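The values are calculated or read from the model by the stated rules, or taken from the named source; none is laboratory data. Just so it is clear, the model here is predicted, and its values are computed rather than measured. Ideal geometry is used to build each Cβ from the backbone, glycine not excepted, and the neighbour counts take in all protein chains shown. Note: areas computed on protein heavy atoms with side chains; ligands, DNA, RNA excluded. Shrake-Rupley method; radii C 1.70, N 1.55, O 1.52, S 1.80 Å.
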Amino acid sequence: MSTRVGTVDFVVGSETFKTWYKVVGDLTCGIRPLVVVHGGPAFPHLYVRSHATLWETRGIPVILYDQLGCGESTHLREKPKEFWTFELFIAELQNLVTKLEMQGGFDLLGHSWGGALAASYVLDRQPGGLGRLILANTYASMHLWELGCRRLIEKLPSDVRETIERCERDGTTNSKEYKEAEFVFLKRHAITLEPLPDDLQATVAELEKDNTVYLAV
């Protein structure tokens, strides 16, 4: 498999950060590459890297990347919550597209939170080279998504539900008991595969090392 791994500089104000990326395939082959925007926020690219098989099966080059604050890109645990905005990640995505010289044509796939980011990027930047926008398991309204989650939380066992509500009320969502309750929610309503796929387990392990962005956004 033809792969290229590297980083591009991402300048924010007076600071320069690194965005890690992997290109699977040949960007000069004449077929529009697919840029995959992972979710989370702060779930690194590991769980969506299966899309890279499109190069072998369809001859479509695939670009995977880790958004700022996770995976192989620059981690910024010291940054306040106000730093982590949609505008920041939109600018990072645009920077990646520019640095990899994809303005001439590319497709964009966003999963979950990454789908909301991809849609916001398209609306904000209106990239001329965009061919297709694919939104996978994403949402159109954060407000409606939150309402839906609340309804699902109500269906959890009473002890799990009470733990979630208490920790969110007390601001202790980084505690072990909250994470355990959150995992029950995910296993029942979001990730129902048993056992969890290896790539997803690796993603969760990476998130546990640094959940700065996840908690901020």
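Restricting attention to segment 102-120, the residues that are free of Cβ contacts under 8 Å to residues at least 40 places away in the same chain and either part of a loop (DSSP other than H, G, I, E, B) or touching a helix residue (DSSP H, G or I) at 6+ places or on another chain (Cβ under 9 Å) (or both) total 4. Pairing each residue of segment 138-162 that is farther than 13 Å from W113 by Cβ with any residue that is part of a loop (DSSP other than H, G, I, E, B) and of a type outside the set (A, V, I, L, M), provided the two are 6+ apart or on different chains, yields C-beta distances under 8 Å for R161/E154. Of the residues making up segment 3-17, those that are surrounded by fewer than 12 Cβ atoms within 10 Å (Cβ to Cβ), in contact with a strand residue (DSSP E or B) (Cβ under 9 Å, 6 or more places away or on another chain) and among the hydroxyl-bearing types (S, T, Y) number 1.
Can you find a residue in segment 69-83 that is touching a strand residue (DSSP E or B) at 6+ places or on another chain (Cβ under 8 Å), in a helix (DSSP H, G or I), closer than 19 Å to V12 by Cα and of a type in the set (D, E)? I'd like the intermediate steps shown before the answer.
Step one: list which residues in segment 69-83 are touching a strand residue (DSSP E or B) at 6+ places or on another chain (Cβ under 8 Å), which gives 71-74, 76.
Adding the requirement that they be in a helix (DSSP H, G or I) leaves none.
No.
In segment 65-86, the residue that is nearest to A42 (Cα to Cα) out of those that are in contact (Cβ under 8 Å) with a residue 12 or more places away in the chain and among the acidic types (D, E) is D66.
The rows are residues; the columns are (1) closer than 17 Å to L135 by Cα; (2) within 11 Å of the chain's Cα centre (by Cα); (3) among the β-branched types (V, I, T).
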{"site": "Y47", "(1), (2), (3)": "yes, yes, no"}
{"site": "E56", "(1), (2), (3)": "no, no, no"}
{"site": "A91", "(1), (2), (3)": "no, no, no"}
{"site": "E101", "(1), (2), (3)": "no, no, no"}
{"site": "F106", "(1), (2), (3)": "yes, no, no"}
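Among the residues of segment 87-101, those that are open to solvent by less than 10 Å² (accessible area, probe 1.4 Å) and either over 24 Å from T212 (Cα atoms) or touching a residue at least 60 places away in the same chain (Cβ under 8 Å) (or both) comprise E92, L96, V97. Considering each residue of segment 202-217 in turn, none proves to be modelled with pLDDT of 95 or more and of a type in the set (D, E). Considering only segment 29-42, I want to know if a residue exists there that is closer than 18 Å to L200 by Cα, of a type in the set (V, I, T) and part of a strand (DSSP E or B). Yes, segment 29-42 contains a residue that is closer than 18 Å to L200 by Cα, of a type in the set (V, I, T) and part of a strand (DSSP E or B).
What are the residues in segment 1-28 that are assigned to a loop (DSSP other than H, G, I, E, B) and basic (K, R), if any? Selection gives nothing.
Restricting segment 165-213 to residues that are aromatic (F, W, Y) and open to solvent by less than 70 Å² (accessible area, probe 1.4 Å), which is nearest to G40 (Cα to Cα)?
Step one: of segment 165-213, the residues aromatic (F, W, Y) are 178, 183, 185.
If we keep only those that are open to solvent by less than 70 Å² (accessible area, probe 1.4 Å) too, we end up with 178, 185.
Values: Y178: 17, F185: 15 Å.
Selected residue: F185.
State all residues of segment 29-45 that are under 19 Å from T74 (Cα atoms) and either charged (D, E, K, R) or touching a residue at least 40 places away in the same chain (Cβ under 8 Å) (or both); if no residue qualifies, say none. I'd like the intermediate steps shown before the answer.
If we filter segment 29-45 for residues that are under 19 Å from T74 (Cα atoms), which is where we start, we get 36-45.
Residues satisfying the conditions are V36, V37, H38, G39, G40, P41, A42, F43, P44.
In this structure, does V48 turn out to be touching a residue at least 60 places away in the same chain (Cβ under 8 Å) and in a strand (DSSP E or B)? Here the answer is no, as V48 does not meet what is asked.
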